[in-house]
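The values are calculated or read from the model by the stated rules, or taken from the named source; none is laboratory data. Please read these numbers as outputs of a predicted model, since none were measured by experiment. Positions of Cβ are backbone-derived with ideal geometry, glycine not excepted, and every protein chain shown enters the neighbour counts.
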C-alpha cells in the first residue's frame, strides 16, 4: 500500500518560510509584499476563494488591496484599473479573477497586466518566457504539482511522466516543468489511443481532466507517483480524477482530493508574489 502526499502539511512549510520573510522585512523597516486582486461581479465561488486568499495573506503578513467592480464595467475602465495598478509601486502582484464578463475581451485585458506583476501567469510575455526557459513566474497549479512530487524525495531525471490533459492552465505547463526536470514526457488527451496502456508505463502519472474516478488501478504502474489535479463536485463533495482507495493499493504515492494539489495552489501564488516583491523592491 502506498502513501498519501499531504498537500496541507507541505503548505505549512512554505507558509513558515513566507511568514519569516515578511517578519524580516518589518524588522528592517521595509514594507511587506502587496497583492491587488481584481474581482468582477458577485460570483459566489470567486468570492469564496478571494476570502480564503485574504485570510491567508493576513496570516502571513501580506498586504491585500481588493478591487471589486460591478459586472457591467467596461473593458476600457478595467484596462485603466490594470494600468493604474501596473504603475503603483506599492503593488507587487495583480490577481485577476477569471472568467470575465462576456462583453470583455479576456485576452486583451490579461495582456494589459505588467509581466512583472503577473503572479498568476496570465500574460503572453510570462508564458513565452516560461516555455523558452527564461526567468519567469511559474503557474501556481503546475508548481504545486512539482513540489508535491519532489516532497517524496524521488529523483525525477530520466523518469517517464505521463500527463492526462492538455489544457493551457495545467497540462501543457506541467509537461514543460517535467521536461525541465529531465523527465521523458508523454501528453495524453481525449483522442489518445490505448490510454490505459500508456499510463500504466508511467513512473509519474499526472491527471487533470475533471472526470471523477476515471483513473483506476489499471492505469497505474506498480510503485508509481500519482498526482490528481482533478476537482469535480459530486453530490456536494469535491472528487478527483483518481479512484483513490483502489489506486493507493498499487502506487507508491498518491495525492488525495481534497488535501493534495488544491491545498498548495494559493500558497504558490503568494510565493510568486514574494518573488515579484523582491524584483520590485531590491
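Determine whether the stretch 90-99 contains at least one residue that is at pLDDT below 95 and more than 23 Å from residue 18 (Cα to Cα).
Within the stretch 90-99 (the criterion being at pLDDT below 95 and more than 23 Å from residue 18 (Cα to Cα)), the answer is yes, since at least one residue qualifies.
So that you can scan it fast, the table gives a plain yes or no per residue for (1) in contact (Cβ under 8 Å) with a residue 12 or more places away in the chain; (2) crowded, with 23+ Cβ neighbours inside 10 Å; (3) more than 30 Å from residue 86 (Cβ to Cβ):
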| position | (1), (2), (3) |
| --- | --- |
| 184 | yes, no, yes |
| 195 | yes, no, yes |
| 220 | yes, yes, yes |
| 231 | yes, no, yes |
| 265 | yes, no, no |
| 273 | yes, yes, no |
| 280 | yes, no, no |
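Please go through the stretch 212-223 and give me each residue that is closer than 19 Å to residue 161 by Cβ and not in a helix (DSSP H, G or I), ordered by number.
214, 215, 220, 221, 222, 223
Quick one: in the stretch 224-249, of everything that is out of contact with any strand residue (DSSP E or B) (no Cβ under 9 Å at 6 or more places or on another chain) and in a loop (DSSP other than H, G, I, E, B), which residue is modelled with the highest pLDDT?
249
Say whether the condition of being farther than 22 Å from residue 120 by Cα and outside the structural domain of residue 100 (by TED's automatic domain parsing) is met by at least one residue in the stretch 7-21.
Looking through the stretch 7-21, at least one residue is farther than 22 Å from residue 120 by Cα and outside the structural domain of residue 100 (by TED's automatic domain parsing).
Looking at the stretch 168-197 only, could you name the residues that are in a loop (DSSP other than H, G, I, E, B) and under 18 Å from residue 137 (Cα atoms)?
Residues satisfying the conditions are 168, 169, 170, 181.
Within the stretch 149-172, how many residues turn out to be surrounded by 22 or more Cβ atoms within 10 Å (Cβ to Cβ) and either in contact with a helix residue (DSSP H, G or I) (Cβ under 6 Å, 6 or more places away or on another chain) or modelled with pLDDT under 95 (or both)?
Looking only at that region, the number is 5.
Among the residues of the stretch 250-282 satisfying the criterion of being assigned to a loop (DSSP other than H, G, I, E, B) and within 20 Å of the chain's Cα centre (by Cα), which is nearest to residue 201 (Cα to Cα)?
In the first step, residues of the stretch 250-282 are kept if they are assigned to a loop (DSSP other than H, G, I, E, B); the result is 250-252, 255-261, 282.
Then drop every residue that is not within 20 Å of the chain's Cα centre (by Cα), which leaves 255-261.
Working: 255: 19, 256: 21, 257: 23, 258: 26, 259: 26, 260: 23, 261: 23 Å.
Ranking the candidates gives 255 first.
Residue check, residue 19 against (1) more than 20 Å from residue 139 (Cβ to Cβ); (2) outside any helix (DSSP H, G or I); (3) in contact with a helix residue (DSSP H, G or I) (Cβ under 7 Å, 6 or more places away or on another chain), all met but one. Which one?
The failed condition is (2).
Suppose we keep only residues that are farther than 14 Å from residue 96 by Cα and touching a strand residue (DSSP E or B) at 6+ places or on another chain (Cβ under 9 Å) within the stretch 55-69. Which one would you say is surrounded by the fewest Cβ atoms within 10 Å (Cβ to Cβ)?
Only one residue tops the list, namely 58.
Only residues that are within 20 Å of residue 32 (Cα to Cα) and either in contact with a helix residue (DSSP H, G or I) (Cβ under 8 Å, 6 or more places away or on another chain) or at pLDDT below 95 (or both): list them for the stretch 64-85, please.
64, 66, 67
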